[in-house]
Amino acid sequence: MTSIKISNLEKRFGDLLALSDINMHIGEGEFFTLLGPSGCGKTTLLRTIAGFYRQDKGDIWLGDELINDVPAYKRNTGMVFQNYAVFPHMTVFENVAYGLRVRKLPAKEIDTRVKKALQNVHLAGYEDRTPDKLSGGQQQRVGLARAMAIEPRVLLFDEPLSNLDAKLRVEMRDEIRAVQKSLGITAVYVTHDQEEALVISDRIAVVNFGRIQQIGVPWEIYKNPSNRFVATFVGKINTFDIVLKESAGNGLRHAEFRSGDQAVPFIVPAAGTEGRDEAVLAFRPEDVVETSQAESQNRLSGILEATSFLGTVASLELNVNELRVVVERHRPKQGDIPAVGSRVEFAVPADACLLFDKKTGDRLREGGRR
Ligand code: ATP
């Protein structure tokens, strides 16, 4: 088991600053995910750890070893690619044995390791098949077995499930996580799929524009985002501009937002809003409370414009005086979902409200930036 430490890393492609100010410490046996939109730099970071790219600044350690000048083939990392990268003309056995033959291991050792790796990915018995007779999921298992067979210090995954259909993706992500945990091997996993990241990771680094936006356990990333980008990229969230007013006591503050031609009063947490008169308000669709009671805090109502039923959740798209707000109903029963065009009443508890700086997007909270 090996830890990975990256400090002050920067990578340029000509004039383009692809990565900057990257600092992270990935623990031994940790499943660590780089999550971000297309072009944010996550693959570049993974490839820099693998040694396919050389950083312009900063250091990378594998365990106690500074590997800046160690070539890729000597870093002993196992890579699993999006397009499987299996060799079509080789059998499953030979595909998995490839890295071991390059390392000139004895035939008996190769045989043992290949069989063990294939067992780990549930492909025992497929040794003599060629990849064209395998499904996408099976081909990716070959890719995973090949990466594991070399007994790498770390496993690196570059969007390994993107080419699989939805059901298989869920199966494979559970399998990848189970294999990684049973071997106790450190893993760095790249994805742009936030749900995949939340499910599979011990910790997540959210990346945007070549910079780390936040590092945390999935719960923290979702519930306690450090800025507006993280809040909107991970999960669904409603956001709109508000004007901040006087204190409402008890750690709360009066606020107001414009909804069509109306100014709607709202109560929000006061933490981090001192000296400010505006902010961006955000709340998650699942945090609203269904209510028609007049005394409820932050009561709103809107006309239902569209619904989507997702099995355990129904998502309702409302028009609240020209503002689009999405709310959710959990475990909806028959008749629970109102007809399009009806009026839906709901309330947003003040403790479900997150506030962000309008310009920088930084989270407003006790003690400022964390
Ligand atoms: P995707 O999910 O689309 O692969 P990504 O987050 O992995 O995106 P990168 O592939 O790391 O993003 O790319 C980061 C930035 O660096 C992009 O602007 C990309 O165009 C650029 N880039 C990546 N590789 C190279 C390269 N070899 N030469 C020049 N520019 C590159």
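Quick note: the coordinates plus some simple rules give every number you see, no bench work behind them. Nothing here was measured: the structure is a model prediction, and the numbers come from that model. So basically every Cβ, Gly included, is an ideal-geometry build from the backbone, and we count neighbours across all protein chains shown.
General remarks:
- Arranged from fewest to most other beta-carbon atoms within 10 Å of their beta carbon, 43, 77, 239 become 239, 43, 77.
- Each of residue 336 and residue 170 was given a label point 7 Å from its Cα along the Cα-to-Cβ line. The distance between the two points is 1.8 nm.
- For the chain, the relative contact order comes to 15 percent (Cα pairs under 8 Å, sequence separation of at least 6).
- Axis angle, to the nearest 10 degrees, between helix 136-149 and the longest C-alpha principal axis of the chain: 60 degrees.
- As a length-normalised measure over Cα pairs under 8 Å and 6 or more apart, the relative contact order of region 236-356 settles at 29 percent.
- Charge dipole of the chain about the Cα centre (unit charges at C-beta), most positive-ward option of 272, 27, 283: 27
- q = 0.12, 0.19, 0.21 Å⁻¹, region 127-233: log10 I(q)/I(0) [Debye, one scatterer per Cα]: -0.47, -1.03, -1.18
- Fraction of alpha-carbon pairs over 41 Å apart in the chain - percent: 27
- Listed peptides 316-324, 210-218, 149-157 by packing density, highest first (mean Cβ within 10 Å): 149-157, 210-218, 316-324
- Across region 1-103, counting alpha-carbon atoms alone, Rg and Dmax equal 15.2, 44 Å.
- Per residue convex hull volume, Cα atoms of region 179-273, in Å³: 136
- Reachable lysines, given that their alpha-carbon falls under 22 Å from the alpha-carbon of residue 104 and they are not under 8 places away in the same chain: 74, 115, 116
- Between helix 107-120 and the chain there is an angle of about 20 degrees, using the helix long axis and the longest principal axis of the Cα atoms.
- Using a Förster distance of 51 Å, the FRET efficiency for residue 116-residue 258 (Cβ separation, nearest 0.05): 0.20
- Anisotropy class of region 217-295 from Cα gyration tensor, a/c 1.5 cut: prolate
- Largest-first principal axis extents of the Cα set of region 240-370 (Å): 47, 32, 27
- Ranking 335, 323, 350 by Cα position along the charge dipole of region 317-358, where only Lys, Arg, Asp and Glu carry charges on their C-beta atoms, puts 335 farthest toward the positive end.
- Simple rule: put +1 on each Lys or Arg Cβ and -1 on each Asp or Glu Cβ in region 4-232, find the dipole, and look at 205, 232, 180; the Cα lying farthest toward the positive end is 180.
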